Amino acid sequence: MSSQDRVIIFDTTLRDGEQSPGASMTKEEKLRIAKALERMRVDVIEAGFAIASPGDFEAVRAIADSIKDSTVCSLSRAVDADIDRAAEALAGANSGRIHTFIATSPIHMQYKLRMEPDQVVEQAIRAVKRARNLCADVEFSCEDAGRSEIDFLCRIIEAAIDAGARTINIPDTVGYAIPHQYADTMRQLLQRIPNADKAVFSVHCHNDLGLAVANSLAAVAVGARQVECTINGLGERAGNAALEEIVMAIKTRQDVLGVYTNIDTPHILSTSRMVSGITGFPVQPNKAIVGANAFAHESGIHQDGVLKHRETYEIMSAQSVGWHTNKMVLGKHSGRNAFRTRLEELGIALGSEADLNAAFARFKELADKKHEIFDEDLQALVSDTLGEEAPEHFKLVYLEVASKTGEVPHAKLVLSIDGVEQGSSAEGSGPVDATFKAIESLATSESSLQLYSVNAITQGTDSQGEVTVRLEKAGRIVNGNGADTDIVVASAKAYLNALNLMQAGVRKAHPQVADV
């Protein structure tokens with residue numbers, strides 16, 4: 001196939017994915033994910049929304065300075081200050097892109113922008129020209145294109161291409177489209193816009209009706225050549241089109257779609273696990289491609305068929321996306337080199353020898369509790385070791401929990417608070433509840449618990465438990481993560497991690513509510 005048949009994969013995990021409530025990431029975590037995406041040969045990495053906050057700006061700049069093989073992109077509204085800030089953050093990029101957008105649907109123009117259509121076109125042209133003067137690669141998005149009038153879309157897109165945009169994005173911002181309707185919109189745009197051949201047309205679909213992947217592929221089938229997606233389908237509300245599903249659908253059904261991507265698919269699974277561990281959003285077992293059951297067969301008929309010929313019930317191989325039938329299982333006798341090698345195979349890069357030493361020490365501690373250490377354990381262990389950028393104001397020193405039938409559970413603990421040890425105890429409806437109440441009696445954070453989730457990292461009673469705690473205070477939401485073979489200890493770690501983030505974090509601005 002020719003280069004015209006290649007679909008550009010634009011990953012927005014670090015921007016749109018981070019807009020999921022509780023999914024905020026630190027600069028270091030974003031950089032780890034960006035490097036994993038680069039290793040997977042993602043074409044474009046949308047690193048953030050540079051003007052949203054100082055933290056977002058620094059993350060975009062750090063990724064732009066570090067990533068060499070992928071284009072690094074920053075989002076900006078069609079506003080001068082946004083565009084200038086994006087260009088500043090991308091200054092060190094080997095290949096940079098400014099992605100500017102403005103709403104084009106009647107409901108958005110009337111109620112959000114409070115602008116007439118002519119004003120919207122003028123602002124779009126001005127924004128694209130300004131971005132083009134600062135960056136050779138400019139993408140223009142028609143926000144809420146899924147509910148926009150086709151004649152107006154043709155008009156504003158033609159003007160944006162004339163102004164210098166070389167990628168045109170048609171987002172289904174609210175997940176409203178149906179596949180055949182969305183494909184027809186894309187077909188009309190490609191046929192009716194006189195200069196459509198001068199730009200790559202892109203899709204960015206949300207999953208509010210569970211159709212993000214279907215809509216994206218329907219548009220690709222009629223000529224779209226860039227898909228904007230996220231790892232694990234992460235994103236605000238119901239999420240975005242899942243990168244792993246888009247890529248593997250294109251690869252598996254090349255006979256129908258007639259296109260290809262440059263993604264190195266065996267790295268999909270490790271990247272999925274990394275994103276899940278960092279955000280604290282577990283992957284459901286029956287999730288396509290990366291779920292624990294995606295290649296599992298329990299039915300006798302299915303098992304018999306797969307044993308005789310894999311393709312009877314598997315349309316792709318597990319190994320093609322990173323699952324391994326023969327894993328190198330590590331244990332307490334494994335050495336540093338084996339540990340480092342397995343991390344590298346999983347796409348985990350530790351920044352320094354000190355990080356490696358800290359991770360290896362935790363590995364040895366875990367190996368004393370667990371006989372076998374699996375890949376999933378290593379992902380959780382490294383995330384826990386590198387931790388968050390936030391200083392540890394609160395640190396667990398000691399925890400004792402008593403839970404007996406017929407008696408009220410009781411927790412006694414000692415925390416180090418800014419280096420000073422303080423003790424507390426509390427009763428609760430269960431050991432975790434008692435532990436959280438004991439922590440709160442010292443922290444007095446006045447935050448409310450929005451989510452408590454426990455996920456077994458591997459099988460077996462000696463599995464590590466990975467706990468996610470979501471706290472909210474005055475509209476700010478943070479996720480805390482903790483992992484341990486003791487669920488109560490993991491819970492305490494997660495709660496303290498959230499408290500540290502809550503204390504140190506800067507509230508992240510959102511492109512939908514930032515002042516124009």
Under a cut-off of 12 Å between alpha-carbon atoms, report the aspartates and glutamates in cross-link reach of Lys473, not counting same-chain residues fewer than 8 places apart. Glu446
Taking the dipole about the Cα centre of the chain, with the C-beta of Lys and Arg at +1 and of Asp and Glu at -1, give me whichever of Ile178, Asn479, Ser491 is farthest to the positive side. Ile178
No solvent, one uniform scatterer per C-alpha: report log10 I(q)/I(0) for the range 396-468 via the Debye equation at q = 0.11, 0.20, 0.22 1/Å, two decimals. -0.33, -0.98, -1.08
If you find the alpha carbon centre of the range 28-45 and of the range 93-145, how far apart are they in angstrom? 26
From the Cα trace of the range 43-114, what convex hull volume per residue do you get, rounded to a whole Å³? 80
Output the direction-averaged projected area (hull surface divided by four) of the convex hull of the alpha-carbon atoms of the range 2-92, in nm². 6.4
Taking H as built 1.01 Å from N, whose amide H comes closer than 5 Å to the amide H of Gly48, not counting residues under 5 places away? Leu75
Using only the Cα atoms of the chain, what are the Rg and Dmax in Å? 24.2, 77
Mind ordering 442-449, 492-499, 51-58, 332-339 by average Cβ neighbours within 10 Å, highest first? 492-499, 51-58, 442-449, 332-339
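So what is the calculated 222 nm ellipticity per residue for the chain, using -39500 (n - 2.57) for each DSSP H run with n of 4 or more, over all residues, to the nearest 500 deg cm²/dmol?
That calculation yields -12000 deg cm²/dmol at 222 nm.
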So, in nm, how far is label Glu407 from label Ala358 when the simple model puts each one 7 Å beyond its Cα toward the Cβ? 3.8
Volume of the Cα convex hull of the range 188-290, divided per residue and given in Å³: 119
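Counting only C-alpha contacts under 8 Å and six or more residues apart, can you give the relative contact order of the chain as a whole percent?
Answer for the chain is 12 percent.
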3J(HN,Hα) from dihedral phi, the range 318-323, Karplus parametrisation 6.51/-1.76/1.60, rounded to Hz, x for glycine, proline: 4, 5, 5, 10, x, 6
Using θ = phi - 60° and the Karplus curve 6.51 cos²θ - 1.76 cosθ + 1.60, what whole-Hz ³J(HN,Hα) does each residue of the range 339-344 get, with Gly and Pro shown as x? 5, 4, 4, 5, 4, 5
Computed over the Cα atoms, what is the radius of gyration of the range 39-177 divided by 2.2 N^0.38 Å, N being its residue count? 1.03
Modelled FRET efficiency - R0 51 Å, Met1 with Arg126, Cβ distances, 0.05 increments: 0.85
With every protein chain kept in place and ligands, DNA and RNA left out, what is the accessible area per residue of the range 58-174? Probe 1.4 Å, answer in Å². 38
Residues with amide H under 5 Å of Lys287's amide H, sequence separation 5 or more or different chain, H placed in the peptide plane at 1.01 Å from N; which? Ala292, Asn293
Given H placed on each backbone N at 1.01 Å, which residues far from Leu330 in sequence or on other chains put an amide H within less than 5 Å of it? Ile373
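The values are calculated or read from the model by the stated rules, or taken from the named source; none is laboratory data. Keep in mind that what you see is a predicted model, and the values were worked out from it rather than measured. Neighbour counts run over all protein chains shown; Cβ positions are idealised from the backbone, glycine included. Side chains are part of the model used for accessible areas, which takes the heavy atoms of the whole protein and leaves out ligands, DNA and RNA. Shrake-Rupley method; radii C 1.70, N 1.55, O 1.52, S 1.80 Å.
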